[in-house]
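Asker: Have a look at this one before I ask anything.
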Amino acid sequence: SQQGEEDPQALSIQEGENATMNCSYKTSINNLQWYRQNSGRGLVHLILIRSNEREKHSGRLRVTLDTSKKSSSLLITASRAADTASYFCATDATGNQFYFGTGTSLTVIP
Amino acid sequence: EPEVTQTPSHQVTQMGQEVILRCVPISNHLYFYWYRQILGQKVEFLVSFYNNEISEKSEIFDDQFSVERPDGSNFTLKIRSTKLEDSAMYFCASSETGVPYQPQHFGDGTRLSIL
């Protein structure tokens, strides 16, 4: 299966701390994307990293990709209460399919 | 900012009944998708649609499911004879071009409850 798996399943931190989530996948990919899902809402795209990229930044987000280990990490720096959400990685291999992982539930305590 | 809209937000249907979930993708997008998320589980791909035909579909998307773009704006998912296990959140998404290198924009979903 192509599906990604996030780790940890749940993470609870204090506001201002950094949060790191990991994603592992099984087959070769074209790109890997991270999405956020607030409770009861749809997924919001955060960042896309291509298979030939190793690191990408967007605001307080930093994503790394290690294709040799088939893994990616999402770092949220200086977390805020509003960052509380579930975070999913999504991978594609070929065609127009996306495979989402199981998600990391992040709670940022004010 | 343009967004994907889905209606209804919550649909309650008797088992065995047909249900149609509606989506209005972002207007200049060409690729459309349906996903489902059973409560507490991962988001699962159902189908992708481009140029008025299905591009890909998953094993979940069996003969009970169909998709249609009946006009220039709507994109619908029909479940012909609903089962209890069809209860889930159904998300529509669209993207400007195909999946590689392009983010997908998601609606807020339709919660489908089968009684």
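Asker: All but one of (1) over 20 Å from A:S12 (Cβ atoms); (2) among the small types (G, A, S); (3) more than 13 Å from the chain's Cα centre (by Cα) hold for A:S71; which doesn't?
Answerer: (3)
Asker: For segment A:1-75, please list each of the strands (runs of 3 or more DSSP E) lying entirely inside it that holds at least 2 residues being of a type in the set (G, A, S).
Answerer: A:10-14, A:19-24
Asker: Among the residues of segment A:48-75, which ones are at the interface with chain B (Cβ under 9 Å from one of its Cβ atoms) and open to solvent by less than 60 Å² (accessible area, probe 1.4 Å)? Give the derivation first.
Answerer: Restricting attention to segment A:48-75, the residues satisfying the condition of being at the interface with chain B (Cβ under 9 Å from one of its Cβ atoms) are A:48, A:50.
Result: A:L48, single match.
Asker: Looking only at segment A:10-38, count every residue that is of a type in the set (S, T, N, Q) and away from chain B (no Cβ under 11 Å) and tell me the total.
Answerer: Just the residues of segment A:10-38 that are of a type in the set (S, T, N, Q), to begin with: A:12, A:14, A:18, A:20, A:22, A:24, A:27-28, A:30-31, A:33, A:37-38.
When the remaining residues are screened for being away from chain B (no Cβ under 11 Å), the result is A:12, A:14, A:18, A:20, A:22, A:24, A:27-28.
Of the residues in that region, 8 qualify.
Asker: Given the residues A:A90, A:A78, A:A19, A:A85, which is the only one that is open to solvent by 20 Å² or more (accessible area, probe 1.4 Å) and hydrophobic (A, V, I, L, M, F, W, C)?
Answerer: Just a single option satisfies the conditions, and that option is A:A78.
Asker: Here is a follow-up. Taking into account only those residues within segment B:42-73 that are of a type in the set (S, T, N, Q) and not in a loop (DSSP other than H, G, I, E, B), which is nearest to B:C92 (Cα to Cα)? Please lay out each step first, then the result.
Answerer: Taking segment B:42-73 and keeping what is of a type in the set (S, T, N, Q), we get B:48, B:51-52, B:55, B:58, B:64, B:66, B:73.
Retained after the next criterion (residues that are not in a loop (DSSP other than H, G, I, E, B)): B:48, B:55, B:66.
Details: B:S48: 10, B:S55: 15, B:S66: 14 Å.
Residue satisfying both the conditions and the ranking: B:S48.
Asker: Of the residues B:Y50, B:Y31, which is free of Cβ contacts under 8 Å to residues at least 60 places away in the same chain, within 13 Å of chain A (Cβ to nearest Cβ) and out of contact with any Cys (no Cβ under 9 Å at 6 or more places or on another chain)?
Answerer: So the residue among B:Y50, B:Y31 that is free of Cβ contacts under 8 Å to residues at least 60 places away in the same chain, within 13 Å of chain A (Cβ to nearest Cβ) and out of contact with any Cys (no Cβ under 9 Å at 6 or more places or on another chain) is B:Y50.
Asker: Next question. Condition first: open to solvent by less than 50 Å² (accessible area, probe 1.4 Å) and under 17 Å from A:K56 (Cα atoms). Now tell me which residues in segment A:22-42 satisfy that.
Answerer: Hits for segment A:22-42 are A:C23, A:I29, A:N30, A:N31, A:L32, A:Q33, A:W34, A:Y35.
Asker: Can you find, within segment B:89-115, the residue that is modelled with the lowest pLDDT among those that are among the small types (G, A, S) and surrounded by 21 or more Cβ atoms within 10 Å (Cβ to Cβ)?
Answerer: Taking segment B:89-115 first, the residues among the small types (G, A, S) are B:93-95, B:98, B:107, B:109, B:113.
Those still in the list that are surrounded by 21 or more Cβ atoms within 10 Å (Cβ to Cβ) too: B:93-95, B:107, B:109.
Details: B:A93: 94, B:S94: 93, B:S95: 89, B:G107: 94, B:G109: 94.
Looking at residues that are among the small types (G, A, S) and surrounded by 21 or more Cβ atoms within 10 Å (Cβ to Cβ), I get B:S95.
Asker: Here is a follow-up. Looking at segment B:84-94 only, could you name the residues that are within 13 Å of B:Q11 (Cβ to Cβ) and more than 14 Å from every other protein chain (Cβ to nearest Cβ)?
Answerer: Of all residues in segment B:84-94, those within 13 Å of B:Q11 (Cβ to Cβ) come to B:86-90.
Listed by number, the residues that qualify are B:D86, B:S87.
Asker: Can I ask one more? Is it true that some residue in segment B:1-8 is buried (at least 20 other Cβ atoms within 10 Å of the Cβ), out of contact with any Asp or Glu (no Cβ under 7 Å at 6 or more places or on another chain) and closer than 19 Å to A:V44 by Cβ?
Answerer: Let us first name the residues in segment B:1-8 that are buried (at least 20 other Cβ atoms within 10 Å of the Cβ), namely B:4, B:6.
Next, from what is left, pick out any that are out of contact with any Asp or Glu (no Cβ under 7 Å at 6 or more places or on another chain): B:4.
Pick out the ones that are also closer than 19 Å to A:V44 by Cβ and you get B:4.
Looking for residues that are buried (at least 20 other Cβ atoms within 10 Å of the Cβ), out of contact with any Asp or Glu (no Cβ under 7 Å at 6 or more places or on another chain) and closer than 19 Å to A:V44 by Cβ, one finds at least one in segment B:1-8, hence yes.
Asker: Could you check, for segment B:62-83, whether at least one of its residues is within 22 Å of A:G4 (Cβ to Cβ) and either within 12 Å of another protein chain (Cβ to nearest Cβ) or crowded, with 20+ Cβ neighbours inside 10 Å (or both)?
Answerer: The answer is no; no qualifying residue exists.
Asker: Which of the numbered conditions does A:T107 fail, given that it passes all the others? Conditions: (1) modelled with pLDDT of 95 or more; (2) within 17 Å of A:Y35 (Cβ to Cβ).
Answerer: Tallying (1) modelled with pLDDT of 95 or more; (2) within 17 Å of A:Y35 (Cβ to Cβ), A:T107 fails exactly one: (2).
Asker: Considering every residue within segment B:11-27, establish whether at least one is more than 9 Å from chain A (Cβ to nearest Cβ) and closer than 23 Å to A:C89 by Cα.
Answerer: Taking segment B:11-27 as the starting set, the residues that turn out to be more than 9 Å from chain A (Cβ to nearest Cβ) are B:11-27.
Filter once more, so that each one left must be closer than 23 Å to A:C89 by Cα: B:25-26.
There is at least one residue in segment B:11-27 that is more than 9 Å from chain A (Cβ to nearest Cβ) and closer than 23 Å to A:C89 by Cα.
The values are calculated or read from the model by the stated rules, or taken from the named source; none is laboratory data. Note that this is a predicted model, so its numbers are computed, not measured. Cβ sites come from the backbone with ideal geometry, for glycine too, and all protein chains shown count toward neighbours. We work out accessible area using only protein heavy atoms, side chains counted, and drop any ligands, DNA or RNA first. Shrake-Rupley method; radii C 1.70, N 1.55, O 1.52, S 1.80 Å.
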